[in-house]
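Okay, structure first, notes after.
The values are calculated or read from the model by the stated rules, or taken from the named source; none is laboratory data. From a predicted model like this one, the values you see are computed outputs, not experimental measurements. Note: ideal-geometry Cβ built from the backbone for every residue, glycine included; neighbour counts use all protein chains shown.
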Amino acid sequence: MAEFLVNGKPVVAEKNQKLLRFLRDELQLTGVKDGCSEGACGTCHVLIDGKLTKACVPSTDKLAGKSVLTVEGLSAFEKEVYVYAFAEAGAVQCGFCIPGMVLAAKALLDCNPNPTRAEARAAIRYNICRCTGYVKIVDGILLAAEIFRAGTLPAPSADDYQVGSRVHRIDVAEKVLGYGKYPDDVSVEGLCYGSAVRSAYPRARVLSIDTAAAEALPGVVCVLTQKDIPGQVNVGHIKKDQPTLIGVGELTHYLGDAIALVCARDRESLEAAKKLVKVEYEVLPAVHNPAEAAAPDAPLVFEGNESNVQSHKHLARGDAAGAIARSAHVISRHFETPWTEHAFLEPECCVALPLENGGVRLLTSDQSAHTTQRECAAMLGVDLEHCLVENQLVGGGFGGKEDMSVQHHAALIAYVARVPVKVKLSRAESILVHPKRHPFSMDFTLGCDETGIIQGVKARLVSDTGAFASLGGPVLERACTHAAGPYAYENFEIEGTAYYTNNPPAGAFRGFGVTQSCFAIESLLNEMAERVGISPWEIRMRNAIRPGGVLPNGQIVGPETGLVETLERAKPYYDAAIAAGDPVGLACAMKNAGVGVGLPDWGRAKLIIEDDGKLHIYSGASCIGQGLGTVLVQMVVTNACLRPDQIVYERSNTWIAPDSGDTSGSRQTLITGEAVRRACKKLVAALEGKTLADLKGQEFYGEFLAKTDPLGAELPNPVSHVAYGYATQMCVLDRESGKIKQLYGIHDVGKAVNPLSCEGQIEGGMVMSMGYALTERYPIDENCKPTAKFGTLGLFRADQIPEITAIVVDKPGLPYANGAIGIGEITSIPTAPAIAEAYYQRDGLRRTILPLTGTPYERK
Ligand code: FES
Ligand code: FES
């Protein structure tokens, strides 16, 4: 037992426990986030006697007589200052790291009221942020310092929230002050805890499961196995190949496969009961990589399949072989890119509540409430009314929260046991379970004429999609369709194969396959520029796709195409770096916005005038940190001529908000934005001669089908995607130290809805891919076990990042969503080849494998 102060009030911790658990579970202080429980992320930072401390480290018995401060305990003025400063700076995205950042900022500013930028960076070096790239958080800290020194808040700026304005995001206060609810912050009467017993072997036959001892343990509510599943056993985003629970007699596919689910009234009983579930296995040889998977006598990851091939793509247009044969310059190279972990700061969590109608309601953190609803309802064998889903705040996704991880397990427990339950992955489970970025191995050949004009490209791509299909097929497809780059030529042939293995699954990850193939084509183009005798900038300018031009996939691009503008904006910085003798690397990219290739791609939204006389925006589009709510408010302000204080953005749910597809493929700003614009048209007509209050109770529905042509359509110029974003990124090195001095991200986004948010996406995406290029690792051992912990993934920290210049290029012309094109993914795509080229310029070594070796960042 210990007595101490929390936020100035005396408290008694009867049981000795981690401070984090005491603050969250007993005092309900949700501003103290649990990102890892391992001392590695900083989301749980508090001040103890003024000293910045991770609350997951000390136990309460050690705290007698001490004073603990959480974000909830800041003074009213401090709260106002941090909310204002972080909003003005654009420092908040998913928000999960932010209360911890605020405490780190307070620790700094309390003893150094006028810090330098370097000091502010150093102050947050133990806080990981996966969204922002730290730039705007540091801006926010410096602005807060300025306001504290002035002693008064600046007058509110005259933001009008029109599309194109730099506006404060609407979700800043709840995220800065920690009262916004992520699923793990939900607490209800009688809440139980659920968790999965996972396979001990990556590939084994389950011979028996004995749950008796676990069930007999006091505090245990139930232990469920496959026979308790009332509906379809398998879930899966596209292909239903992921068993909710592995049954007796069945094969396991990887170490994350769930064999049994345990539910208990407290966490201690839960962990004890999991150890009592006895499983007998027949251990079988595992498949470790695509080479083993492709061997003629390879063990099959899925019994009954003919081979381990999960997906195969062959795209061809023109005559690539002939064009390459006729080329003046031909270069062939082999490239490899690694597994990458999303490392979002909020581990997967779902709270499931039994409904009176016999169904369940799920409070989730995922990339589509409607997808979760369909998956879980089918598993429960119920109709959609008996499986309701409501998004809470989402603490980052980046593609890693598209698949079922905890939702189906929470749903099953609540449905069968009729108790409210929280299923949350430990950080170690999160690192094992959710699908990763696919590792690719790629062979590319590029042919150019003597002036550097591309004649043709041939490539062969192989990916490891691990234990389940997840989005392995579409990721492979996008890697192939974008392998030709954003250039105007028409001879290309790409073959891609994704293999099942017994590794953790791979799926969607920011860039969706293009992060991999872009590294290859852009690196080859840099080498080709040298062969031709022109600069990397010049070879791109000569080949860049321009409005009205034809992409290698045959699509004629529209007036919004702004690749050339990004190159032009890069030129002065590029020339200046060369003039200064600095090694500089450059790369370009394009990325589709929307699902494309003929698949249904619907955006839907409902605008409802509710009893408060305000317009409420409902759409089944998840905001996963990118700021969709603010974007949609800006769309309504602009298209319906309303003030922001007349508008309420509602988080996605499945009973009012219409399905608007997954937050994936940089699609929501464009696709759901256009649906909102269409709903606004109806509203504007109804508002003629009336006020909003006159329309109480009325609904205005908008929908948009982004119609495209299927891959391989027999058309001269198929429309593969409704729009593409374009980018040029540059990396400048310090020649002496070899460290990155400056990154430039210059992005064409059509019309930037909120340029402040666009910059935040660019900075965050580039820092994420600095890690991909230089430091991040996700090693898997001979037992198909990922060995990394959160602290060893190689994520960059605030004091390690270079200066970053984010430039947003407006190139309106797209006739949808006020001309806006999504930017989420492309920000991470050309960074690695730009960095690789900068190192080549420094030491003359061509690097074709990520992470790059021979840099000062290399981890041995
Ligand atoms: S939860 Fe304490 S450092 Fe991550
Ligand atoms: S805003 Fe920092 S982790 Fe998302």
Any idea which residue in the range 633-658 is nearest to residue 372 (Cα to Cα), counting only those that are buried (at least 23 other Cβ atoms within 10 Å of the Cβ) and of a type in the set (Ser, Thr, Tyr)? 654
In the set 40, 55, 13, the lone residue that is within 16 Å of ligand 2 (Cβ to nearest atom), crowded, with 18+ Cβ neighbours inside 10 Å and among the small types (Gly, Ala, Ser) is 40
Within the range 721-737, track down each residue that is at pLDDT 95 or above and of a type in the set (A, V, I, L, M). 727, 730, 732, 733
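So which residues in the range 19-33 are farther than 27 Å from residue 111 by Cα and crowded, with 24+ Cβ neighbours inside 10 Å?
Pass one, the range 19-33, residues farther than 27 Å from residue 111 by Cα: 21-22, 24-28.
If the condition is that a residue be farther than 27 Å from residue 111 by Cα and crowded, with 24+ Cβ neighbours inside 10 Å, then 22 is the only one that fits.
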Can you name every residue in the range 497-533 that is more than 19 Å from the chain's Cα centre (by Cα) and charged (D, E, K, R)? 522, 527, 530, 531
Within the range 574-588, considering residues that are touching a residue at least 24 places away in the same chain (Cβ under 8 Å) and not in a helix (DSSP H, G or I), the one surrounded by the fewest Cβ atoms within 10 Å (Cβ to Cβ): 581
Could you check the range 251-270 and list, in sequence order, the residues that are in contact with a helix residue (DSSP H, G or I) (Cβ under 6 Å, 6 or more places away or on another chain) and among the small types (Gly, Ala, Ser)? 256, 264
Tell me the residue from 33, 62 that is within 16 Å of ligand 2 (Cβ to nearest atom) and among the basic types (Lys, Arg), please. 33
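Scan 807, 821 and give me the residue that is of a type in the set (Val, Ile, Thr), under 21 Å from residue 163 (Cβ atoms) and at pLDDT 95 or above.
807
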Taking the range 380-397 as the search range and keeping residues that are more than 16 Å from ligand 1 (Cβ to nearest atom), over 17 Å from residue 418 (Cβ atoms) and of a type outside the set (Val, Ile, Thr), which one is modelled with the lowest pLDDT? 397
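Among the residues of the range 415-438, write down those that are touching a helix residue (DSSP H, G or I) at 6+ places or on another chain (Cβ under 8 Å) and of a type outside the set (Val, Ile, Thr).
Of the residues in the range 415-438, the ones touching a helix residue (DSSP H, G or I) at 6+ places or on another chain (Cβ under 8 Å) are 415-416, 419-425, 427, 431, 437-438.
Listed by number, the residues that qualify are 415, 420, 422, 424, 425, 427, 437, 438.
Residues are listed down the side, and each one gets a yes or a no for (1) part of a loop (DSSP other than H, G, I, E, B); (2) within 11 Å of ligand 1 (Cβ to nearest atom):
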{"residue": "22", "(1), (2)": "no, no"}
{"residue": "25", "(1), (2)": "no, no"}
{"residue": "28", "(1), (2)": "yes, no"}
{"residue": "32", "(1), (2)": "yes, yes"}
{"residue": "38", "(1), (2)": "yes, yes"}
{"residue": "42", "(1), (2)": "yes, yes"}
{"residue": "61", "(1), (2)": "no, no"}
Output for Cβ contacts, cut-off 9 Å, separation at least six or different chains, first residue within 14 Å of residue 302 (Cα to Cα) in the range 234-246, second among the charged types (D, E, K, R), reads 234/240; 234/241; 240/375; 242/257; 242/403; 243/250; 243/257; 246/257
Output for the range 280-310, where each listed residue is touching a strand residue (DSSP E or B) at 6+ places or on another chain (Cβ under 7 Å) and at pLDDT below 95: 303
How many of the residues making up the range 299-310 are more than 22 Å from residue 249 (Cβ to Cβ), part of a loop (DSSP other than H, G, I, E, B) and of a type outside the set (S, T, N, Q)? 0
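Considering only the range 560-573, I want to know if a residue exists there that is within 23 Å of residue 807 (Cα to Cα), hydrophobic (A, V, I, L, M, F, W, C) and in a loop (DSSP other than H, G, I, E, B). Before the answer, list the steps.
Step one: of the range 560-573, the residues within 23 Å of residue 807 (Cα to Cα) are 560-573.
Among the residues that remain, those that are also hydrophobic (A, V, I, L, M, F, W, C) are: 563-564, 567, 570.
Still in the running and in a loop (DSSP other than H, G, I, E, B): none.
The answer is no, given that none of the residues of the range 560-573 is within 23 Å of residue 807 (Cα to Cα), hydrophobic (A, V, I, L, M, F, W, C) and in a loop (DSSP other than H, G, I, E, B).
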With the requirement that a residue be surrounded by fewer than 20 Cβ atoms within 10 Å (Cβ to Cβ), under 28 Å from residue 347 (Cα atoms) and among the charged types (D, E, K, R), what does the range 100-138 give you? 125
So which pairs qualify, if the first residue must be in the range 817-833 and more than 15 Å from residue 627 (Cβ to Cβ), the second must be modelled with pLDDT of 95 or more and charged (D, E, K, R), the Cβ gap must be under 7 Å, and the two must be at least 6 apart or on different chains? 830/522; 833/522
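Taking the stated definitions as given, is residue 450 out of contact with any strand residue (DSSP E or B) (no Cβ under 6 Å at 6 or more places or on another chain), buried (at least 24 other Cβ atoms within 10 Å of the Cβ) and among the charged types (D, E, K, R)?
Working: out of contact with any strand residue (DSSP E or B) (no Cβ under 6 Å at 6 or more places or on another chain): yes; buried (at least 24 other Cβ atoms within 10 Å of the Cβ): no; among the charged types (D, E, K, R): yes.
Against the criterion (out of contact with any strand residue (DSSP E or B) (no Cβ under 6 Å at 6 or more places or on another chain), buried (at least 24 other Cβ atoms within 10 Å of the Cβ) and among the charged types (D, E, K, R)), residue 450 does not qualify.
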Reported set for the range 82-126 where residues are closer than 18 Å to residue 35 by Cβ, in a loop (DSSP other than H, G, I, E, B) and not aliphatic (A, V, I, L, M) is 93, 94, 95, 96, 97, 125, 126
Those residues that are assigned to a helix (DSSP H, G or I) and either within 17 Å of residue 228 (Cα to Cα) or small (Gly, Ala, Ser) (or both), I need them from the range 353-375; list them, please. 369, 375
Yes or no: the range 440-452 includes at least one residue that is closer than 25 Å to residue 371 by Cα and not in a strand (DSSP E or B). no
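Results for (1) surrounded by 24 or more Cβ atoms within 10 Å (Cβ to Cβ); (2) in contact with a Ser or Thr (Cβ under 6 Å, 6 or more places away or on another chain), shown as yes or no for each residue.
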{"residue": "476", "(1), (2)": "yes, yes"}
{"residue": "484", "(1), (2)": "yes, no"}
{"residue": "489", "(1), (2)": "yes, no"}
{"residue": "494", "(1), (2)": "yes, no"}
{"residue": "499", "(1), (2)": "yes, no"}
{"residue": "511", "(1), (2)": "yes, yes"}
{"residue": "516", "(1), (2)": "yes, yes"}
{"residue": "542", "(1), (2)": "no, no"}
{"residue": "555", "(1), (2)": "no, yes"}
Residue check, residue 690 against (1) under 30 Å from residue 832 (Cα atoms); (2) not in a helix (DSSP H, G or I), all met but one. Which one? (1)
Just give me the residues in the range 376-400 being in a loop (DSSP other than H, G, I, E, B) and either away from ligand 2 (no atom under 15 Å from the Cβ) or hydroxyl-bearing (Ser, Thr, Tyr) (or both), in sequence order. 381, 382, 383
Residues of the range 339-356 satisfying the condition of being of a type in the set (A, V, I, L, M) and either within 15 Å of ligand 1 (Cβ to nearest atom) or crowded, with 24+ Cβ neighbours inside 10 Å (or both): 343, 345, 351, 352
Out of all the residues in the range 262-283, is one or more assigned to a loop (DSSP other than H, G, I, E, B) and over 23 Å from residue 214 (Cβ atoms)? no
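Just one of 313, 275, 240 is in contact with a Gly (Cβ under 6 Å, 6 or more places away or on another chain) and either charged (D, E, K, R) or within 30 Å of residue 764 (Cα to Cα) (or both); which is it? Before you say what the answer is, go through the steps one by one.
Working: 275 fails: in contact with a Gly (Cβ under 6 Å, 6 or more places away or on another chain); 240 fails: in contact with a Gly (Cβ under 6 Å, 6 or more places away or on another chain).
None of the other options fit; the residue is 313.
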List the pairs whose first member sits in the range 132-155 and is within 16 Å of ligand 1 (Cβ to nearest atom), whose second member is modelled with pLDDT of 95 or more and aliphatic (A, V, I, L, M), and whose Cβ atoms are under 8 Å apart, counting only residues at least 6 apart or on separate chains? none
